[in-house]
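*Asks:* Here's a structure for you.
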Amino acid sequence: MTDVALIDAGGANLGSVRYALERLGANVQLVRDADGLHGARRVILPGVGAAKPAMQRLHAQGLVEPLRRLRVPLMGICLGMQLLFEHSEEAGVETLGLIPGTVRKLVPATGIRVPHMGWNRLLPLKPSVLLRDIPARASAYFVHSYAAPLNAHTVAACDHGGLFTAMVEQGRYFGAQFHPERSGDTGALMLRNFLEDTAV
């Protein structure tokens with residue numbers, strides 16, 4: 001179907017994301033340095049864990065500036081989506097700065113646990129190529145303690161003690177706070193849409 005560069009940023013979900021892409025027919029190339037981005041038609045940045053060590057690893061791999069200069073569609077998954085924004089409250093780290101905004105810690109409350117872990121509904125807010133064929137209020141699987149607030153580029157929200165950005169799209173930058181590789185048909189459809197419908 002397509003060539004996609006999958007960045008190895010040390011996330012434990014790397015293998016499952018690769019398998020989910022290969023099931024959709026994608027030719028997946030693992031990338032650990034800037035040279036691996038050459039010729040890629042699409043790029044995916046998965047991630048789990050904390051923003052600061054993830055950014056440190058991207059800097060050590062020489063990937064930060066090449067990612068900022070990419071001219072092909074880039075999708076961030078979970079922590080990878082958070083890294084697309086300008087800053088994270090987690091350790092006050094500067095992130096990639098590709099989408100305006102600051103990622104903030106979820107606030108626990110009565111009946112609201114942090115981390116947010118488990119299935120929750122997506123609330124579409126505006127049209128997006130990522131949402132094609134995904135039913136309204138479809139469920140997806142989340143595991144995170146930080147999230148981006150709603151912003152001008154939010155295409156789907158989720159409610160966990162308040163609304164946060166579940167999916168984002170700005171130009172050639174896309175993101176999903178949930179784990180598509182663990183989200184059944186919803187996740188598979190979103191990945192398919194990224195592979196098939198984003199402009200290269």
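*Asks:* Tell me, what % of the accessible area of the stretch 125-175 is carbon and sulfur with a 1.4 angstrom probe?
*Replies:* Within the stretch 125-175, the accessible surface is 57 percent carbon and sulfur.
*Asks:* Shifting gears a bit: Sorted by mean Cβ packing within 10 Å, highest first, what order do the peptides 190-197, 121-128 take?
*Replies:* 190-197, 121-128
*Asks:* About its Cα centre, how strong a charge dipole does the stretch 108-172 have in debye, to the nearest 20, once Lys and Arg get +1 and Asp and Glu get -1 at the Cβ? All intermediate terms of the calculation are to be shown ahead of the outcome.
*Replies:* Working: 6 positive and 3 negative charges, 9 e Å.
Charge dipole, the stretch 108-172, about its Cα centre: 40 debye, nearest 20.
*Asks:* What whole-number value in Å² describes the accessible area per residue of the stretch 50-143 for a 1.4 Å probe? Write down the numbers at each step before the final one.
*Replies:* On the way: 4620 Å² over 94 residues.
The answer is 49 Å² per residue.
*Asks:* Could you give the size of the charge dipole of the stretch 73-128 about its Cα centre, using +1 on the Cβ of each K and R and -1 on the Cβ of each D and E, expressed in debye and rounded to the nearest 20?
*Replies:* In debye, rounded to 20, the stretch 73-128 gives about 340.
*Asks:* Antiparallel as a % of all DSSP beta bridges within the stretch 65-188, to the nearest 5?
*Replies:* On the way: 22 of 29 bridges.
Rounded to the nearest five, the antiparallel share is 75 percent.
*Asks:* Another question about this same structure. Could you give the size of the charge dipole of the stretch 67-186 about its Cα centre, using +1 on the Cβ of each K and R and -1 on the Cβ of each D and E, expressed in debye and rounded to the nearest 20? It would help to have the intermediate numbers written out before the result.
*Replies:* Details: 12 positive and 9 negative charges, 36 e Å.
Roughly 180 debye for the stretch 67-186.
*Asks:* Can you tell me the length gained on complete extension of the stretch Leu163 to Val107, counting 0.36 nm per residue apart and subtracting the Cα distance?
*Replies:* Length difference between fully extended and current span is 19.0 nm.
*Asks:* Want the number for Val200 to Leu123: 0.36 nm per residue separation, take away the alpha-carbon distance, what's left?
*Replies:* Values: separation 77, 0.36 × 77 = 27.72 nm, distance 2.72 nm.
Contour length minus Cα-Cα distance gives 25.0 nm.
The values are calculated or read from the model by the stated rules, or taken from the named source; none is laboratory data. In this text, all values refer to a predicted model and were calculated from it rather than measured experimentally. Positions of Cβ are backbone-derived with ideal geometry, glycine not excepted, and every protein chain shown enters the neighbour counts. With ligands, DNA and RNA removed, areas are computed over all heavy atoms of the protein, side chains included. Shrake-Rupley method; radii C 1.70, N 1.55, O 1.52, S 1.80 Å.
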